[in-house]
1. Give A:Lys41, A:Lys79, A:Lys51 a once-over and let me know the one that is within 13 Å of chain B (Cβ to nearest Cβ) and more than 30 Å from B:Ser15 (Cβ to Cβ).
2. Return yes or no: is A:Pro8 touching a residue at least 12 places away in the same chain (Cβ under 8 Å), more than 15 Å from ligand 2 (Cβ to nearest atom), touching a Leu at 6+ places or on another chain (Cβ under 7 Å) and open to solvent by less than 50 Å² (accessible area, probe 1.4 Å)?
3. Could you tell me which of the residues B:Thr253, B:Thr288, B:Thr269 is of a type in the set (S, T, N, Q) and either open to solvent by 30 Å² or more (accessible area, probe 1.4 Å) or without any contact (Cβ under 8 Å) to a residue 24 or more places away in the chain (or both)?
4. So which of B:Asn336, B:Asn310, B:Asn340 ends up being more than 11 Å from ligand 1 (Cβ to nearest atom) and part of a strand (DSSP E or B)?
5. Given (1) within 14 Å of ligand 2 (Cβ to nearest atom); (2) touching a residue at least 12 places away in the same chain (Cβ under 8 Å); (3) of a type outside the set (Ser, Thr, Tyr), where does A:Asp80 come up short, assuming only one miss?
6. Within the range B:58-72, identify whether any single residue is touching a residue at least 60 places away in the same chain (Cβ under 8 Å) and not aliphatic (A, V, I, L, M), and answer yes or no.
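The values are calculated or read from the model by the stated rules, or taken from the named source; none is laboratory data. Note that the coordinates shown come from a computational prediction; the quantities given were computed from them, not determined experimentally. Note that we place each Cβ from the backbone using ideal geometry, even for glycine, and neighbour counts take in every protein chain shown. In case anyone asks, the SASA skips ligands and DNA or RNA and just uses the protein heavy atoms, side chains included. Shrake-Rupley method; radii C 1.70, N 1.55, O 1.52, S 1.80 Å.
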Amino acid sequence: MGRIKAKPEVCMGCHLCEVWCAVAHSKSKHIIKAFLYEDDKPLPRLVVEEKLPLTFALQCRHCAEPDCVTACISGALWKDPESGRVVHDPNQCVGCYSCVLTCPYGNVFINPRKREIIKCDLCAGLDTLYCVSHCPNEALVYEDC
Amino acid sequence: MCNMGDFDYLIIGNSAGTVGCIEGLRSVDKNSTVALVAEEDCHIYSRALIPYYLGGQITRDKMYYRPLDFYDRARVCVFQGHRAVKIDSAVRVVELDNGSRLGYGKLLIATGGKPVFPPIPGLDKQNVFSFHSMPDLMGIEKELAGARSAVVLGGGVIGLMAAEALHKRGIKVHVLELAERLLAPVVDETTSHLVEGALQKAGLALYLNNTIDQVNGTERVESVTLKDGRNIPCDLLIVGVGVAPRVELAEGTGIEVNRGILVDKKMQTSVPGIFACGDCASIYNFVTGVEQNMPLWPNAYLGGRIAGFNMAGIERAFIQGTTMNAMHFFDVNIVNAGINVIGANQGNGLEVIQKHDSDGQTYRKFVLSENGQIKGFILVGQIARAGIFLNLMRRKIDVRAFQLELFKNDFGYADLPETLRWKLLQDDVILGVV
Ligand SMILES: Cc1cc2nc3c(=O)[nH]c(=O)nc-3n(C[C@H](O)[C@H](O)[C@H](O)COP(=O)(O)OP(=O)(O)OC[C@H]3O[C@@H](n4cnc5c(N)ncnc54)[C@H](O)[C@@H]3O)c2cc1C
Ligand code: SF4
Ligand code: SF4
């Protein structure tokens, strides 16, 4: 199981990882259609931490012993033993936000549209990790560990 | 169906703590025999979802906490619809209510809690319910169709969740609270008042410093007379004054009880080979340093998981537990962890820093120790990234150098001093590339 790591010194703070993360989780997966025409405007599942000049992206660590899974009252979060991903099922989620309270990285995000959370799924079902492959400065890498 | 007999691991209970234990056990031990005894005759569900179901937000199948094939996949024998009535620790046997006996190598007690009924005559009538179990849910659901007015006894977390759920079903709800404010002692006064405001705005009737003097009606409650003499007609009465640990199985076993079943950091009771977790247990609170009953979902699950590891012979300590709540009442989101109300005997050396925004809707408070460690916090309104605070708390970080940053609504790792930030994120970033 690997994780995405940031290289803060080469991050320019362009927020393109956030933009492409949102596209990856849109219906059309098309940057223009997604932002202009989709009813539910796409939302990113990672955050660019910023205290200028410092910037770096941080996304879910898919922890070995995930606190979010421990806290989830509905069973909407679990760690998939095969892929190592910490998976979220929005249909099961009730938006109690226990996971927001317990994720040590602050990487569970409140969906502003409905009582539900959103989080990184390591681009499940897609052929690349969108944040990593679209960073123009290669400030994000995926490392096996 | 499983046969009676001996099992390497036996669990009593069928909820958060039990699942934590099974998942912990099975991640390190695939072959041993595991069985559980469950008094309730249904697949494992989350009682924390009762308000969501009764409020009309989810369907019944969403109440299940794990898929229906969970036990088969984990290869656990389930003795469902039976209560464990006795533990004979000398011969390592648990006796069930039908007289059958199950032997165990290691035992976990995850019996949870039971709702408390105050000593008021008449609380045994047909339309009186606690807010804790599947039978409560089904009983309340039956009453919903004809109910126009409900009384909720208890203005704590569970009482208020019940009140909001019933309100969402179009019922006029009256909340009675004995204390002078809601949610005491879980949250501080400022938060209580914010919640009171939200409930009143929604149209709930609140009665503070008040309780039921008399329950009126024959088979069914028709009205209640309050301590102050007022009378409230009602079709439904919910009792939500608290939950007491179920410790009856400990009697006569030599297992030490301190309100809950006392366990060490490995979740083992005073009788070797017998573990306990969840709402029935008194567990280590890393903030206060003492064992306490902290009946919350994350504590139950993680306590069970850690018990599971230790039962399988892999040493782990439960040192992450404290009081912690994520709550919401109408549109007000609240999270808290550790100490946020400073009682008379806790004041020593604790400092409070807080900020209440001018819009009146966002509130943040941190309780710091003499050496600058966060001992507790409460956030109202803006709760994004709250887990970072819990992490700083668990790691006992001195926050004095950046304490004002804690009030930023978008507080993050970038706001930490450089050395500390990269220490906490050492496995998550790559430095020294330029
Ligand atoms: C309405 C409601 C909302 C809640 N919301 C939240 C929330 O949002 N966040 C949060 O952190 N916590 C919440 N909680 C608390 C949380 O649900 C509990 O902390 C959690 O369920 C505890 O799990 P447990 O495994 O200790 O035991 P329990 O859930 O209490 O289950 C114990 C089980 O053991 C069985 N049992 C007991 N004795 C025996 C016996 N002798 N033989 C066989 N079986 C037995 C019982 O029938 C029961 O099924 C809520 C609770 C309620 C009631
Ligand atoms: S959401 Fe947070 S706690 Fe959960 S796996 Fe990701 S980083 Fe870990
Ligand atoms: S918000 Fe959803 S995913 Fe998070 S703990 Fe609650 S139910 Fe689980």
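1. Result: A:Lys51 is the single residue among A:Lys41, A:Lys79, A:Lys51 that is within 13 Å of chain B (Cβ to nearest Cβ) and more than 30 Å from B:Ser15 (Cβ to Cβ).
2. Against the criterion (touching a residue at least 12 places away in the same chain (Cβ under 8 Å), more than 15 Å from ligand 2 (Cβ to nearest atom), touching a Leu at 6+ places or on another chain (Cβ under 7 Å) and open to solvent by less than 50 Å² (accessible area, probe 1.4 Å)), A:Pro8 qualifies.
3. Only one candidate qualifies: B:Thr288.
4. B:Asn336
5. It is condition (2) that A:Asp80 fails.
6. no
Condition check ((1) among the acidic types (Asp, Glu); (2) in a loop (DSSP other than H, G, I, E, B); (3) farther than 21 Å from B:Pro115 by Cβ) across all residues:
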{"position": "B:Lys30", "(1), (2), (3)": "no, yes, yes"}
{"position": "B:Tyr52", "(1), (2), (3)": "no, no, no"}
{"position": "B:Gly56", "(1), (2), (3)": "no, yes, yes"}
{"position": "B:Lys62", "(1), (2), (3)": "no, no, yes"}
{"position": "B:Val78", "(1), (2), (3)": "no, no, yes"}
{"position": "B:Lys86", "(1), (2), (3)": "no, no, yes"}
{"position": "B:Val91", "(1), (2), (3)": "no, yes, yes"}
{"position": "B:Asn98", "(1), (2), (3)": "no, yes, yes"}
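Residue by residue, here is whether (1) more than 15 Å from ligand 1 (Cβ to nearest atom); (2) in a helix (DSSP H, G or I); (3) more than 22 Å from A:Val94 (Cα to Cα); (4) open to solvent by less than 60 Å² (accessible area, probe 1.4 Å) holds:
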site	(1), (2), (3), (4)
B:Asp124	yes, no, yes, no
B:Lys142	yes, yes, yes, no
B:Ala147	yes, no, yes, yes
B:Val151	yes, no, yes, yes
B:Gly155	no, no, yes, yes
B:Ala162	no, yes, no, yes
B:His174	yes, no, yes, yes
